[in-house]
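Asker: Shown below is the structure under consideration.
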Amino acid sequence: MYEHILVPTDGSEGTMQAIEHALELAGDESTVHVLSVVDQRVYLAAGGDQQDAVIQSLRDDAVDAVERCAEKCEGKASTTTAIRDGVPHRVILDYADEHGADVVVMGTHGRTGRDKLTSLGSVTERVIENAKRPVLVVHID
């Protein structure tokens with residue numbers, strides 16, 4: 001069993017599949033860390049007069065995302081939540097280092113080609129390439 005399990009969430013339904021796998025890895029003494037990253041690239045690209053509204057919307061989505069995951073973990077594992085701003089894969093890796101995550105559990109849609117380029121590449125792929133710890137990738141239906 002793993003002591004510290006990191007589950008990054010973007011608020012998608014697929015994250016719930018990743019949470020299920022994380023809970024399977026959790027023991028009685030485990031903590032599931034649920035992290036949502038407010039992607040600074042999105043709000044920095046917004047016009048100056050829209051930036052505050054975009055930031056607030058992204059933060060509201062992040063709060064909803066971590067709360068949904070924490071609810072899913074209730075009664076099954078100790079949970080801690082966090083919301084950070086930055087470039088998602090970098091923030092995920094930094095958080096994993098800071099909190100001594102034993103494993104990162106995250107989903108992927110398995111996009112390729114144009115779909116992958118449209119979404120600025122795969123956060124999961126970048127985490128896998130740069131992680132210093134195991135990464136369990138859950139294929140999202």
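Asker: First measure r as the distance between the Cβ atoms of ASP102 and GLU20, then evaluate 1/(1 + (r/R0)^6) with R0 = 22 Å and state the FRET efficiency to the nearest 0.05.
Answerer: My answer for the efficiency is 0.80.
Asker: Something else now. Using a 7 Å offset from the Cα along the Cα-to-Cβ direction at both ASP10 and ILE128, what is the distance between the two label points in nm, to one decimal?
Answerer: Each label point is offset 7 Å from its Cα along the Cβ direction, giving 1.5 nm.
Asker: Which ³J(HN,Hα) values in Hz, rounded to whole numbers, follow from the phi angles of region 63-74 under the Karplus curve 6.51 cos²θ - 1.76 cosθ + 1.60, where θ = phi - 60° and Gly and Pro get x?
Answerer: Rounded to whole hertz, the list is 4, 4, 4, 5, 5, 4, 5, 4, 4, 5, 8, 3.
Asker: Now, a different point. In nm, give the distance between the simple-model label positions of GLU3 and ARG41, each being 7 Å from the Cα along the Cα-to-Cβ direction.
Answerer: According to this spin-label approximation, the distance is 3.4 nm.
Asker: Ok, one more. Search the structure for amide H atoms under 5 Å from the amide H of GLY107, placed 1.01 Å from N in the peptide plane, and list their residues when 5 or more places away or on another chain.
Answerer: Sorted by chain and number, the residues that satisfy this are VAL138.
Asker: Could you calculate the FRET efficiency of ARG90 with ALA53 from 1/(1 + (r/R0)^6), where r is the beta carbon distance between them and R0 is 35 Å, rounded to 0.05?
Answerer: 0.90
Asker: Still on this model: Return the long-range amide H neighbours of HIS33 (sequence gap of 5 or more, or a different chain), with a cut-off of under 5 Å between placed amide H atoms.
Answerer: ILE5, LEU6, VAL7, THR80
Asker: Rounded to the nearest 10 degrees, what's the angle between the helix 88-98 long axis and the longest principal axis of the chain, both from Cα atoms, 0 to 90?
Answerer: Relative to the chain, helix 88-98 is tipped by roughly 40 degrees.
No lab work stands behind these numbers, since they all come straight from the coordinates. Just so it is clear, the structure is predicted and the values come from calculations on it, not from any experiment. When we count neighbours, we look across all protein chains shown, and the Cβ atoms used for this are built from the backbone with ideal geometry, even at glycine.
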